[in-house]
């Protein structure tokens, strides 16, 4: 795991590098923003330790530039600051920094902060991925790529068929009226229309093969996706 440090004090930089390397991390240190951003173009790090007080620019400016970049905005950042002003810390956190550590700090505290941020980011990423994945029996949906498979075989759905299946799964076990389906999947008022929904459900059942049995018809009302 690669960590970048931006720090103009060579003594502090070497101490941070040694502490991180001793903990098994790959580390690169930088004294200024130009070499730092040049390195980011070559390889994006897993985390950045950013000093607020730098000779050529304010660390807050680097933070702002990173959070404005699509390539760099997702990198977790720990601010290292000797400033006592609470507003500097608040500004950094409001702009997207993940944590801060006040100088002088001990090696153990420094390593602990780095590991804690990495754990938190990793857990958040895992949860984000889980939110995109649905599995019901033989049916697997990856919402990040809008792909569906049944018993391991890809199932090609139209846009509305996919939206309909996703809405069924999110509301599994609930009886969904045709009015509700028309409103939430088609974005239209019901107005007695049934054929559009029924045709899509029929097609969806057929494409899902064995998974189609999960979609139950509730007479005179609509449909339900079985738990």
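Output the residues belonging to segment 39-70 that are under 15 Å from residue 2 (Cβ atoms) and not in a strand (DSSP E or B).
Matches in segment 39-70: 39, 40, 41, 42, 43, 44, 45, 46.
Looking at segment 15-38 only, could you name the residues that are in a loop (DSSP other than H, G, I, E, B) and buried (at least 18 other Cβ atoms within 10 Å of the Cβ)? Don't jump to the end; show me each part of the working.
First, pick out the residues of segment 15-38 that are in a loop (DSSP other than H, G, I, E, B): 23-25, 31-32.
Across segment 15-38, the qualifying residues are 25, 31.
Test residue 29 against the criterion of being out of contact with any strand residue (DSSP E or B) (no Cβ under 7 Å at 6 or more places or on another chain) and within 14 Å of residue 3 (Cα to Cα), and give yes or no.
Values: out of contact with any strand residue (DSSP E or B) (no Cβ under 7 Å at 6 or more places or on another chain): no; within 14 Å of residue 3 (Cα to Cα): yes.
Judged against the criteria, residue 29 is not a match.
Can you pull out every residue in segment 141-151 that is touching a residue at least 12 places away in the same chain (Cβ under 8 Å) and either part of a strand (DSSP E or B) or out of contact with any helix residue (DSSP H, G or I) (no Cβ under 8 Å at 6 or more places or on another chain) (or both)?
Of everything in segment 141-151, those that are touching a residue at least 12 places away in the same chain (Cβ under 8 Å) and either part of a strand (DSSP E or B) or out of contact with any helix residue (DSSP H, G or I) (no Cβ under 8 Å at 6 or more places or on another chain) (or both) turn out to be 141, 148, 150.
In the set 163, 125, 183, which member is at pLDDT below 80 and out of contact with any strand residue (DSSP E or B) (no Cβ under 8 Å at 6 or more places or on another chain)? Step through it out loud before you land on a result.
On the way: 163 fails: at pLDDT below 80; 183 fails: at pLDDT below 80.
The unique qualifying residue is 125.
The values are calculated or read from the model by the stated rules, or taken from the named source; none is laboratory data. These figures come from a predicted structure and were not determined experimentally. Quick reminder, even Gly has a Cβ in these numbers, built from the backbone with ideal geometry, and neighbours come from all protein chains shown.
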